[in-house]
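The values are calculated or read from the model by the stated rules, or taken from the named source; none is laboratory data. Small disclaimer: the values here were computed from a predicted structure and weren't measured. Here the Cβ positions follow ideal geometry from the backbone for every residue, glycine too, while neighbour counts run over all protein chains shown. Surface areas here come from the heavy atoms of the whole protein model, side chains and all, with no ligands, DNA or RNA. Shrake-Rupley method; radii C 1.70, N 1.55, O 1.52, S 1.80 Å.
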Amino acid sequence: MKQSLQLRTSQHLALTPQLQQSIRLLQLSTLELHQELEQLLTDNPLLERLDDPLDRSLRLLSDGAISQQAPVGDAPPEGPPNAQEAPAADADNYDGPAADTESTSSDADVDWSDAGRSKAPDDEDSRPQLEASHCTLREHLMEQMRVTVLEMRDRALVELIIDALDENGYLEEPLEEILARLPEELELDLDELRTALSLLQSFDPMGVGARNASECLALQIKRLPGIPMVTRRMALAIVENHLTWFAQRDFNKLKKALLCDDEDLREAQTVIRQCNPHPGSAFASDVSDYVVPDVIVKKSRTGWQVSLNNDVMPRLRVNAMYANLLKQGKGEGAMGAQLQEAKWLIKNMRQRFDTILRVAQAIVERQKNFFSHGAVAMRPLVLREIADTLGLHESTISRVTTQKYMLTPHGMFELKYFFGSHVATEAGGEASSTAIRALIVQLTGAEDPKNPLSDSKIADMLGEQGMVIARRTVAKYREALKIPPVSLRKSL
């Protein structure tokens with residue numbers, strides 16, 4: 001077979017590095033975006049941030065004077081005179097929101113002697129606000145042990161049991177297993193461990209050291225003040241012998257087993273509800289997670305207005321000094337690639353926030369009833385509808401609405417919250433699943449506790465409002481909303 005060379009033309013799609021970076025920045029959350037930006041600022045010297053948190057900081061000069069550092073965007077870059085005369089091009093800058101120019105103070109304007117006396121001595125803001133130290137459950141129990149237990153042997157046993165408690169204050173390990181782990185030369189017996197446990201169970205918080213929920217509630221009921229003896233005995237009988245029936249709200253079986261009426265059972269129920277089944281939870285050190293909105297929706301005279309959150313928009317630009325050195329041919333070859341990467345990042349960052357704003361505006365335009373009347377007025381919305389309106393792909397809308405949040409008069413919501421499937425109505429229209437969930441919450445919140453609404457009854461009530469929905473769909477939405485079934489919502 002004779003060999004030959006031939007030319008063929010074909011078309012194919014390829015993701016350029018700039019497009020890959022644009023897609024990556026679009027799908028990052030606000031926190032992930034700033035973490036990514038910090039890494040890029042460290043790796044690329046041609047990229048600088050104008051809203052540096054160290055701006056406006058006081059600096060101590062070599063001669064002892066104090067000067068206030070001007071923001072990066074206000075001070076001319078250091079370098080040759082020709083570098084200062086050539087400003088960076090608009091295309092190489094992303095300043096985010098427009099910021100007012102702040103005047104810098106000279107060395108003479110700053111008086112170091114008055115730095116700490118700007119406020120009155122009795123002003124609370126003049127003193128540093130320190131966060132209170134967190135006390136753990138173990139520290140709280142150890143402090144009580146030091147003032148109540150005198151014998152060193154007893155202290156060691158109580159501390160041993162304290163170390164075996166879980167975060168809720170329960171002793172999940174049996175005393176027999178704890179005894180088996182101890183050396184035989186200590187000559188301990190099970191009665192000593194039981195005595196140490198009883199001593200621990202007398203500590204605060206009430207119920208600590210219990211081995212199960214029944215014992216935890218019983219320990220608290222025995223120590224609650226101001227309870228009639230008959231009611232206390234009935235409450236103890238419920239938590240020690242019939243806790244499963246009480247949790248299932250099977251009041252008929254409870255009344256037969258305890259030989260009591262509704263009034264007596266109601267009083268015992270009130271006592272049990274005063275107890276905390278997790279006594280150690282008050283000492284947990286859980287840190288709250290805060291969400292920063294990407295867009296803010298406010299009511300104006302012309303309607304609902306959408307704006308970007310200026311606090312999450314970084315202000316970037318290309319370093320003018322390095323850029324001018326490259327133009328003069330004094331830079332290295334690697335810096336040319338870094339200059340291009342900086343320009344790409346600034347452009348992609350601007351495109352990211354512009355896309356988020358466009359999508360948010362399209363969502364607000366279609367969900368005006370939600371912002372005016374709440375979740376019950378939410379209309380069905382799918383990604384394709386927004387994509388067709390903005391001329392974008394559905395995958396782009398999906399990236400924009402993931403982990404991006406909108407601050408509204410009704411609260412903070414992820415952009416994905418405004419999308420939902422539809423349910424047909426008797427009039428031939430459509431109702432949003434989000435609106436149906438909101439109606440279920442309203443109906444169950446206004447129901448009679450003695451005669452709560454069943455799933456079938458809720459479906460019928462929704463049908464009366466023109467929403468055709470099956471009972472199993474109501475049950476699915478109810479479980480998603482973490483609303484207990486009708487048997488667990490019933491009260492005496």
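Anything in the range 449-461 that is at pLDDT 85 or above and either in contact with a helix residue (DSSP H, G or I) (Cβ under 6 Å, 6 or more places away or on another chain) or not polar (S, T, N, Q) (or both)? List them, or say none.
Pro452, Leu453, Ser454, Asp455, Ser456, Lys457, Ile458, Ala459, Asp460, Met461
Results for (1) open to solvent by less than 70 Å² (accessible area, probe 1.4 Å); (2) on the phi < 0 side of the Ramachandran plot; (3) not polar (S, T, N, Q), shown as yes or no for each residue.
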site: Gly169; (1), (2), (3): yes, no, yes
site: Glu173; (1), (2), (3): yes, yes, yes
site: Glu176; (1), (2), (3): no, yes, yes
site: Pro183; (1), (2), (3): yes, yes, yes
site: Phe203; (1), (2), (3): yes, yes, yes
site: Lys222; (1), (2), (3): no, yes, yes
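For Leu197, which of the numbered conditions (1) open to solvent by 30 Å² or more (accessible area, probe 1.4 Å); (2) part of a helix (DSSP H, G or I) fails to hold?
Going through (1) open to solvent by 30 Å² or more (accessible area, probe 1.4 Å); (2) part of a helix (DSSP H, G or I) one by one, Leu197 breaks only (1).
Can you tell me which of (1) closer than 27 Å to Thr401 by Cβ; (2) free of Cβ contacts under 8 Å to residues at least 24 places away in the same chain; (3) surrounded by 14 or more Cβ atoms within 10 Å (Cβ to Cβ) is the one Ser29 doesn't meet?
(2)
Taking the range 134-150 on its own, how many of its residues are within 13 Å of Thr195 (Cα to Cα) and open to solvent by 60 Å² or more (accessible area, probe 1.4 Å)?
Count: 0.
Take Val359 and decide whether it is surrounded by 21 or more Cβ atoms within 10 Å (Cβ to Cβ), of a type in the set (A, V, I, L, M) and closer than 30 Å to Asn309 by Cα.
Yes, satisfied.
Look at Leu265 and say whether it is open to solvent by 20 Å² or more (accessible area, probe 1.4 Å), among the aliphatic types (A, V, I, L, M), outside any strand (DSSP E or B) and in contact with a helix residue (DSSP H, G or I) (Cβ under 7 Å, 6 or more places away or on another chain).
So Leu265 does not fit the description; no.
If the Cβ limit is 7 Å and pairs must be 6+ apart or interchain, which residue in the range 155-182 that is more than 25 Å from Ser281 (Cβ to Cβ) and in a helix (DSSP H, G or I) pairs with which residue that is open to solvent by less than 50 Å² (accessible area, probe 1.4 Å) and among the small types (Gly, Ala, Ser)?
Close Cβ pairs satisfying both conditions: Leu157/Ala196.
Just to be sure before I move on: is Val312 crowded, with 17+ Cβ neighbours inside 10 Å and in contact (Cβ under 8 Å) with a residue 40 or more places away in the chain in the structure I sent?
So Val312 fits the description; yes.
Is there a residue being among the aromatic types (Phe, Trp, Tyr), within 27 Å of the chain's Cα centre (by Cα) and either modelled with pLDDT of 90 or more or open to solvent by 40 Å² or more (accessible area, probe 1.4 Å) (or both) anywhere in the range 392-414?
yes
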